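To start, the structure itself, in C-alpha cells.
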Amino acid sequence: MSKFSIRFVTALTILVSVYSSATAQTIAFDTTRMDTSVEACTDFFQYANGGWVKKTEIPAAYSRWGSFNILAENNNNALKGILEANTKTKAAPDSSEQLIGDFYASCMDEAAIEKAGAEPLKSYFIQIDKLKDTKDLQRQIGMMHSMGISVLFGFGAGADAKNSSMNIANASQGGLSLPNRDFYTKTDAKSVETRAKFVEYMTNMFKLLGDDADKAAMNAKTVMAIQTRLASASKAPVELRDPQKRYNKRTLAQLSEMTPNFSWTEYMQTRGVAPVTEINIGQPDFFTEVNKMMTDVSVSDWKTYLRWMTINSAATRLSKAFVDENFNFYSKYLTGTKEQQPRWRRCVGATDQAVGEALGAEYVKKAFTPAAQKRMGELIDNLFAAYRERLAQLDWMTPETRQKALAKLNTYQRKIGFNTNPRGYAGLKIDRKSFFENSRSVAQFEIARNLKDVGQKVDKTRWGMTPPTVNAYYNASYNEIVFPAGILQPPFFNQNADDPINYGAIGAVIGHEITHGFDDSGSQFDAEGNLKSWWTPEDRKRFEEKADCVANQFSGYQIQEGLNINGKLTLGENIADLGGLTMAYNAYQKSLEGKPRPANIDGFTPEQRFFLGYAQVWSTKATQEFERQQVLTDSHSNARYRVNGPLSNLPQFAEAFSCKQGNKMVRADFCKIW
C-alpha cells in the first residue's frame, strides 16, 4: 500500500487472502514442485519451483497465479461463508453483522443493478451540466472529491512527514485514468497502442451513456488531451519514491500566489475542512500546471472530463455492460486476464474493501489463534535481535550513525493479527436497496472521517490493512511493522513446519518489513517517524553507493525482450528482500545456539530448507501483459528475481548449495548493505 501524498507506507504486497486451516507438515515444503534437472546454483527459482511452473496453467480469471492465489481461493470461500450466513440473519441495526451482510447482499443483487443501469449517475451528470464558469468548476471538483471521485488531484489528511505526531492536509497529483504518467508520455509502439485502446474504451463508455458515435469519439479525444496535459506535468514513478521531493509545505498565502486561478480556501470550505494555515503540496509543478488549465481549458471540455471521471470511477458498480467494458480494457487488455471473477468473489472483495474491519472481526474468530500470535511475537523478537547484532558489526557505518540506527530499531512498534482498538462504523448506513448507493455511502463516510483528522494528533493505533489481507507493511511515519492475520498462515507461517521453513518464509517477511525502515526511502525517517536525516554525510554516501549496486543489479534483469526491471523504481523492495533474508538467516542460526543440529528433511540440510522455504513462497506464473504492467507500475520486482536477485548476493546461500564463483547464482561482486 502506498499513499505518497498522505503517508509513506511500504508493503510486501501480496494482494491476496489466505486459507485458514493448518497445512500438514508433509507439505510444509513440497518437493514435487521442484525441477532438479536445473542446478540450484544456476537458477534457484526454477530449481525450487520449476516442476510447479511446468504443470500449472494460469486460470482464465487471473493474470497471475501462484501459491498465494491458490490459498486465496480457500480463504474467499471462508469469507463467502461468513457473508452468506449474515445475509440470512436478521442482525441488529448498525452492527458489524448487519453492515457486512447487507453490503454483500446489495452487491449480489444483480437484478437490481441491471435495472438501475446508469441511473445512479444521473444526479452527478445534472450537476456537471449546470457548470457555467471556473468558480462552478472548482466547487464541483470539491463536491466530487467528497463523493470519492478522484478528479484532477488528490487531497486528504495524513501524518506530517516532519512532525509525525500531527496530521496535516496533503494535496497530490492525480486525475489520470491510465496507471501513471509514463502511459501517456512514452513513445514506444506498445505505449502508442495502449493509448489508442484507452481512447477506444472511453468512446465505448460514452456510447453506453447515450452519446452517438461521433460525439463519443470527440469526448474521448477531449479527455485524452486533458489527461495528457496532466500527465506531462506529473512526476514519474521513480521520482514519487523520494519522500523529500513529496514534502513541500505551503502557507495559504503562498498557495494563492502559486495557484491564483484556484482558491484553496473555497475548496476546503466546499469539503468541510477545518481552517488550516498550511498544506503539503506533493508536486508543486503539477499544481502550477493545473492553475493554468483552470483558464486554458474551456468549461465545456472540463464538463466532458468530469463526466468521464464519474463514469469510469463507477463502472464496476453499474450494470453488466459497463462492468464488461471496464474489464475488457483494464483487465483483459492491460493485464491479460481472460475472464471475470464470478460475482460472489468480486462481492467478497468489495465488502472487504468497504467494511473490512467489520468483516475482519468475523474472520479472525475462525482464522487466527493466540498461539499464532505468540509464536509470531517470538519470531519478531528473534529478528530484532539479529538486526541489533548485525548493526553492531557493520564495517561501513561510523559509531555516530550506528547509535542512531539502533535507537530507531529499538523504537519500532509492532502490530500482529488485527486491530484491538477498532474505529468501528458509527454513523455509516448500509441497506440492501442499492449496491451503488452503499458504495457511495462508504466512500463519503471514510473521506469525511479522514478530513476530520486535519490538524489533529495522529492516532497510531490505526491500521492500514484489514485482518484477512495477505500482506505486511512498514509505516515510516509511525515507525511500525504490521502483520495482518491473513499472512500468518501457510505458506508464510506454518506452525507445523520445521524452523528453517518458517524462518525462510515468515522470517524473511519480518526482516523485509524491518529493513524498509532502512531502505533508500525509509532510512530518511528518524526514530520518531520524522523526515529528518540521522546520518553523517559520509555514511549516507556509503549507503547510497551500496544501494546503487542493488539498483544496477536489478536493472540488468530482462523480463521480456526490450523490457527490463526498473532498478530504481524497485530499489526499496529489493533492499528489503536482501536485508530481510540476511536477517532471517542470521536469526535462524542464532536460534540454534546451544541446541543439537537439526536433522536433514527431504534430503536437504536445514540451511538448504531455509532458502527453499523462501523460494517456494514466490512460486508464480504471470501473463506477458501482467509482467509488462508490473515493470511499468510496481515497486516490486518480478517473482523470479525476488528469489534469484537477493540470493545471488548471499554467501550463505552459496555455501548451503556449494555454489562456486562463476555460477549464475553467485555474483562476482556481492551487493551487501545490511
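Just so it is clear, none of the values below were taken in a lab; they were calculated from the coordinates. All of these numbers come straight from a predicted model, not from anything done at the bench. All Cβ positions, glycine included, derive from the backbone under ideal geometry; neighbour counts span all protein chains shown.
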Exercise. Starting from the amide H of Asn163, placed 1.01 Å from N in the peptide plane, find each other amide H under 5 Å away whose residue is 5 or more places distant or on another chain.
Key: Leu531
Exercise. Provide the descending list of Cα extents for the chain along its principal axes, expressed in whole angstroms.
Key: 78, 58, 52
Quiz prompt | Given charges at Cβ of Lys, Arg, Asp, Glu: segment 563-674 dipole, positive-most of Asn586, Gly572, Ser637 | solution = Asn586
Exercise. Assign unit charges at the C-beta atoms only (+1 for Lys and Arg, -1 for Asp and Glu), then state the dipole size of the chain relative to its Cα centre in Debye, rounded to the nearest 20.
Key: 740 debye
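Working out 0.36 nm times the residue gap between Glu119 and Ser37, then minus their Cα-Cα distance, what length gain in nm do you get to one decimal?
Numbers: separation 82, 0.36 × 82 = 29.52 nm, distance 5.94 nm.
Full extension of this stretch gives 23.6 nm more.
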Exercise. Based on other C-beta atoms within 10 Å, arrange Cys549, Cys41, Cys347 from fewest to most.
Key: Cys549, Cys41, Cys347
Exercise. Treat each spin label as a single point 7 Å out from the Cα along the C-beta direction, and report the Asp669 to Asp136 distance in nm.
Key: 6.3 nm
Quiz item: Counting only Cα, what are the radius of gyration and maximum Cα-Cα distance Dmax of segment 577-640, in Å?
Solution: 16.3, 51
Practice problem: Could you run the Karplus curve 6.51 cos²θ - 1.76 cosθ + 1.60 with θ = phi - 60° over segment 600-611 and give me ³J(HN,Hα) per residue in whole Hz, x for Gly and Pro? | Solution: 5, 10, 6, x, 10, 5, x, 5, 5, 5, 4, 6
Exercise. With a point put 7 Å past each Cα toward its Cβ, work out how far Arg343 is from Val199 in nm, to one decimal.
Key: 3.7 nm
Practice problem: State which entries of Lys404/Lys541; Lys115/Lys303; Lys235/Lys532; Lys122/Lys332; Lys130/Lys303 exceed 18 angstrom in Cα-Cα distance in the structure shown. | Solution: Lys115/Lys303; Lys235/Lys532; Lys122/Lys332
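Within 10 Å of each residue's Cβ, count the other Cβ atoms and sort Ser477, Ser232, Ser191 from fewest upward.
Working: Ser477 26, Ser232 12, Ser191 16.
Least crowded to most crowded, the residues run Ser232, Ser191, Ser477.
At 0.36 nm per residue, and after removing the present C-alpha to C-alpha distance, how many nm does the segment from Met218 to Asn74 gain when stretched out fully? Kindly include the intermediate steps, with their values, before the conclusion.
On the way: separation 144, 0.36 × 144 = 51.84 nm, distance 4.61 nm.
Length difference between fully extended and current span is 47.2 nm.
Just to be sure I follow: if Rg is taken over the C-alpha atoms of segment 551-674 and Rh is the Kirkwood radius over the same atoms, what is Rg/Rh?
Working: Rg = 15.7 Å, Rh = 15.7 Å.
Value, to two decimals: 1.00.
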Quiz prompt | R0 of 22 Å, Cβ-Cβ distance Ala61-Glu84: FRET efficiency to nearest 0.05 | solution = 0.65
Quiz item: Given the Cα-Cα distance of Lys292 and Gln353 and 0.36 nm per residue of separation, how much length would full extension add, in nm?
Solution: 18.4 nm
Quiz prompt | Helix 370-393 axis, angle to the chain major axis (alpha carbon atoms, nearest 10°) | solution = 70 degrees
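For Arg628, Arg343, which order do you get if you count the other beta carbons within 10 Å of each Cβ and list the fewest first?
Values: Arg628 19, Arg343 14.
So the residues, fewest neighbours to most, are Arg343, Arg628.
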Practice problem: Mind computing the radius of gyration and Dmax over the alpha-carbon atoms of segment 116-340? Å is fine for both. | Solution: 18.0, 54
Quiz item: Relative to the first principal axis of the alpha-carbon coordinates of the chain, what is the inclination of helix 134-146, with its axis defined by its Cα atoms, in degrees from 0 to 90 and to the nearest 10?
Solution: 40 degrees
